[in-house]
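Trainee: Have a look at the structure that comes next, please.
The values are calculated or read from the model by the stated rules, or taken from the named source; none is laboratory data. On a predicted model such as this, the values are computed, not experimentally measured, just so you know. With ideal geometry, Cβ positions are generated from the backbone for all residues, glycine too; neighbour counts draw on all protein chains shown.
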Amino acid sequence: MSNNYLNNMNSSDEQELEFHKNTETILVIDDSPTNLEILHDVLGNAGYEVLVEMDGASGIEQVETNPPDLILLDVMMPKIDGFETCRRLQADPSTKDIPIIFITALTEAEEKVKGLNLGAVDYITKPFEQQEVIARISLHLKLRKLNLELDKQKQELEVRVKERTLELSQTLEQLKHTQLQLVQTEKISSLGQLVAGVAHEVNNPIGFISTNLHYANQYIEDLLILVGLFQKNCSNPGSEIEAQIENMDLGHIAKDLPKLMSSMKLGTDTIKGIMQSLRNFSRTDGDKKKLVDIHQGIEATLMILQHRLKAYSKRPAIQVIKDYSILPKIKCYPGQLNQVFMNLLANAIDVLEESMNDSICVNHEEYIPINPQIRIGTTIDKHHVTVTIADNGKGMPESVMNDIFQPFFTTKPEGKGTGLGLSISYQIITENHGGNLQCISSPGEGTEFIIKIPF
Ligand SMILES: Nc1ncnc2c1ncn2[C@@H]1O[C@H](COP(=O)(O)OP(=O)(O)O)[C@@H](O)[C@H]1O
Ligand SMILES: [Mg+2]
């Protein structure tokens, strides 16, 4: 290496040189021993590892077994000349990226062009200008390094893009689910507001009907007593009054009126109860948990589902068996919990109805009555309140069990099931209440859902 070259080097070039020393290999393929010797010395002094071969075939072999970082290739060689060697190296995908610099005679312009056309990156001319050879080689090694780096980055980028795309599509899926859940929750909450509004509006008129019924009842009792007294004390009231008594059937009215009043009272009490349940059920949750009676929520939900529990032409009534423990008030989001009770009870009713249809079909019109039941139990231990909702429907196989908490998973016909009930319930119990929701079921054995809420 010339002093001039060394003098011009800055410290980062020195580092590069160190780097060259250990890592970069140059293969020289030339049939002239003199050339080989010169190049070997020049390159060796510059810190490169140098391999030499004297003909194209062994050059190619060397490249395949021990791929160099750069190839210096003589044009004129016996048998396989430099152009052919270059063509073969370029044709092989495993060697085509190794930069090739042709060694040509200064005068052969045609050779230079041909070499470059074949895929060589550059040429050096004989006789060698040492500094030029080193400078060109160093430049092409740098280019190759950059190219390799670029390739690596490109590949990494592709992997990253793929990963990001996957992530994004997963996020998008999740977003869709969340959006649907929000819509569902929003629907329920606006329905809740509507119900609460109606319950509030109905509350006043029902209130004064109920209060006035109380007085009306008293007045009627008094009046009937008075009429009785009249009848007793006026033995001869006159034909006009007697005709009226007979026409209106006073005896019947006197007997019927108190019954009528008490059934009207019963009616208003029922309406009041329903309104109270509706208000309980549709209570809108704020940001903070509230202390509530969980049984009240279950009762309100049952009340709302009452019409689905009753007997009708195709099946007997669904029996609801309650096994409640004494519970303290629990801190929770009551509206959300009611939604969970609603989802679980509605599923139980669905499966009991379906099981009933199946039992009719399976037995070829022979109706084997099953006694459809839903059992609701509550218990308490040191840290949890547990609510169990169990049905004696057909249960589910493991394949269904595995997916029941997945959003949109449903086995019900389109339009009947949304597949959101259990996934929303799961979210409400686990995420919003820090509890857990478990399901125990097997075919023919019914299904039990266990809700555990910490307090
Ligand atoms: N009590 C149950 N008995 C049997 N299968 C049930 C019961 N509850 C839920 N499943 C199964 O879980 C599925 C998902 O329930 P859910 O999330 O509420 O959605 P959907 O009721 O709209 O189908 C149901 O389609 C049903 O297959
Ligand atoms: Mg459901």
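Trainee: From the list S425, S441, exactly one residue is near ligand 1 (Cβ under 8 Å from one of its atoms), modelled with pLDDT under 95 and either exposed (fewer than 15 other Cβ atoms within 10 Å of the Cβ) or within 19 Å of I376 (Cβ to Cβ) (or both). Which is it? Let's see the steps before the verdict.
Mentor: Numbers: S441 fails: modelled with pLDDT under 95.
Within the list S425, S441, the selection yields S425.
Trainee: Still on this structure, I have one more. Which of the residues spanning region 315-327 are loosely packed, with under 13 Cβ neighbours inside 10 Å and modelled with pLDDT under 95?
Mentor: A317
Trainee: Hey, another quick one. Taking T85 and the conditions (1) in a helix (DSSP H, G or I); (2) without any contact (Cβ under 8 Å) to a residue 12 or more places away in the chain, which numbered condition does it fall short on, given that it satisfies the others?
Mentor: The failed condition is (2).
Trainee: So is I241 farther than 30 Å from Q306 by Cα, in a helix (DSSP H, G or I) and touching a residue at least 12 places away in the same chain (Cβ under 8 Å) or not? Walk me through how you get there before you give the answer.
Mentor: On the way: farther than 30 Å from Q306 by Cα: yes; in a helix (DSSP H, G or I): yes; touching a residue at least 12 places away in the same chain (Cβ under 8 Å): no.
Against the criterion (farther than 30 Å from Q306 by Cα, in a helix (DSSP H, G or I) and touching a residue at least 12 places away in the same chain (Cβ under 8 Å)), I241 does not qualify.
Trainee: While we're looking at this one, here's another question. Would you please name the residue that is farthest from ligand 1 (Cβ to nearest atom), looking only at residues in region 383-406 that are surrounded by fewer than 20 Cβ atoms within 10 Å (Cβ to Cβ) and more than 21 Å from L352 (Cα to Cα)?
Mentor: H383
Trainee: Tell me the residue from L345, L305, L352 that is within 16 Å of ligand 2 (Cβ to nearest atom) and modelled with pLDDT of 95 or more, please.
Mentor: Details: L305 fails: modelled with pLDDT of 95 or more; L352 fails: modelled with pLDDT of 95 or more.
The match here is L345.
Trainee: Within region 47-63, work out how many residues are part of a loop (DSSP other than H, G, I, E, B), within 20 Å of V133 (Cα to Cα) and among the acidic types (D, E).
Mentor: Our first condition is that a residue be part of a loop (DSSP other than H, G, I, E, B); within region 47-63, this holds for 47-48, 54-55.
From the residues that got through so far, the ones that are within 20 Å of V133 (Cα to Cα) too are 47-48, 54.
Going one step further and asking which of them are among the acidic types (D, E), we end up with none.
Number of matching residues: 0.
Trainee: Can you name every residue in region 412-422 that is near ligand 2 (Cβ under 10 Å from one of its atoms) and loosely packed, with under 15 Cβ neighbours inside 10 Å? I'd like the intermediate steps shown before the answer.
Mentor: Initially, region 412-422 is screened for residues near ligand 2 (Cβ under 10 Å from one of its atoms), giving 412, 416-422.
Residues satisfying the conditions are K412, K416.
Trainee: Let me ask something else about it. Determine, yes or no, whether K79 is part of a loop (DSSP other than H, G, I, E, B), closer than 17 Å to R144 by Cα and among the charged types (D, E, K, R).
Mentor: Details: part of a loop (DSSP other than H, G, I, E, B): yes; closer than 17 Å to R144 by Cα: no; among the charged types (D, E, K, R): yes.
So K79 does not fit the description; no.
Trainee: Suppose we keep only residues that are closer than 17 Å to V195 by Cβ and modelled with pLDDT under 90 within region 282-299. Which one would you say is surrounded by the most Cβ atoms within 10 Å (Cβ to Cβ)? Give the derivation first.
Mentor: Keep residues of region 282-299 that are closer than 17 Å to V195 by Cβ, which gives 282-285, 296-297, 299.
Of the ones still in play, those that are also modelled with pLDDT under 90 are 282-285.
Details: S282: 23, R283: 19, T284: 12, D285: 18.
In this case the residue turns out to be S282.
Trainee: Still on this model: Within region 317-353, count every residue that is part of a loop (DSSP other than H, G, I, E, B) and within 16 Å of ligand 1 (Cβ to nearest atom).
Mentor: Here is the first cut: in region 317-353, the residues part of a loop (DSSP other than H, G, I, E, B) are 317-318, 324-329, 333.
From the residues that got through so far, the ones that are within 16 Å of ligand 1 (Cβ to nearest atom) too are 318.
Count: 1.
Trainee: Which of (1) at pLDDT 90 or above; (2) exposed (fewer than 14 other Cβ atoms within 10 Å of the Cβ) is the odd one out, the single condition G273 does not satisfy?
Mentor: (1)
Trainee: If you don't mind, there's one more thing I want to ask. Please find, among M264, M303, the residue that is in contact with a Leu (Cβ under 9 Å, 6 or more places away or on another chain) and not assigned by TED's automatic domain parsing to the domain that holds G207.
Mentor: Numbers: M264 fails: not assigned by TED's automatic domain parsing to the domain that holds G207.
M303 is the lone residue from the list that is in contact with a Leu (Cβ under 9 Å, 6 or more places away or on another chain) and not assigned by TED's automatic domain parsing to the domain that holds G207.
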